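Data first, discussion second: the structure below is written as structure tokens.
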Amino acid sequence: MPKLKTRKAAAKRFKATGSGKIKRRKAYKSHLLEHKTSKRKRRLSKSALVDKRDEKNVHLMMPYL
């Protein structure tokens with residue numbers, strides 16, 4: 001069997017936690033930040049977990065995660 005390739009775009013966006021869940025960054029924190037409140041920007045800075053329904057797709061993109 002040939003080796004499976006990792007999608008590099010996905011590898012840059014997702015990391016695995018110790019328990020095997022997948023971490024992601026929150027959206028809406030890259031531009032147009034002037035009108036967003038500090039509270040909202042702080043909340044968006046924290047990492048989140050990929051939803052259980054999407055984990056299968058991430059694993060397909062990153063077979064060795």
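What are the residues in the stretch 31-50 that are in contact (Cβ under 8 Å) with a residue 12 or more places away in the chain and polar (S, T, N, Q), if any?
Taking the stretch 31-50 as the starting set, the residues that turn out to be in contact (Cβ under 8 Å) with a residue 12 or more places away in the chain are 41, 43-50.
Those that are in contact (Cβ under 8 Å) with a residue 12 or more places away in the chain and polar (S, T, N, Q): 45, 47.
Sort through 12, 3, 29, 41 and tell me the only one that's surrounded by 10 or more Cβ atoms within 10 Å (Cβ to Cβ), out of contact with any Ser or Thr (no Cβ under 9 Å at 6 or more places or on another chain) and not in a strand (DSSP E or B).
Working: 12 fails: surrounded by 10 or more Cβ atoms within 10 Å (Cβ to Cβ); 3 fails: surrounded by 10 or more Cβ atoms within 10 Å (Cβ to Cβ); 29 fails: out of contact with any Ser or Thr (no Cβ under 9 Å at 6 or more places or on another chain).
Unique residue meeting the criteria: 41.
Filtering the stretch 5-34 to residues that are of a type outside the set (Ser, Thr, Tyr) and farther than 18 Å from residue 55 by Cα leaves 29, 31, 32, 33, 34. Taken together, 52, 21 contain a single residue that is of a type in the set (Lys, Arg) and loosely packed, with under 11 Cβ neighbours inside 10 Å, which is 52. Taking residues in the stretch 12-30 that are in contact (Cβ under 8 Å) with a residue 12 or more places away in the chain, and partners anywhere that are of a type in the set (Ser, Thr, Tyr), the pairs with Cβ atoms closer than 7 Å and at least 6 places apart or on different chains are 23/17; 23/47; 24/47; 25/47; 29/45. Taking the listed residues 65, 60, the one that is at pLDDT 95 or above and either over 9 Å from the mean Cα position of the chain (by Cα) or part of a loop (DSSP other than H, G, I, E, B) (or both) is 60, with no other qualifying.
For the stretch 15-26, a residue qualifies if it is touching a helix residue (DSSP H, G or I) at 6+ places or on another chain (Cβ under 7 Å) and part of a loop (DSSP other than H, G, I, E, B), and exactly one does: 26.
The values are calculated or read from the model by the stated rules, or taken from the named source; none is laboratory data. As the structure is a prediction and not an experimental result, all values here were calculated from the model. Glycine gets a Cβ as well: all are built from the backbone with ideal geometry, and neighbour counts include every protein chain shown.
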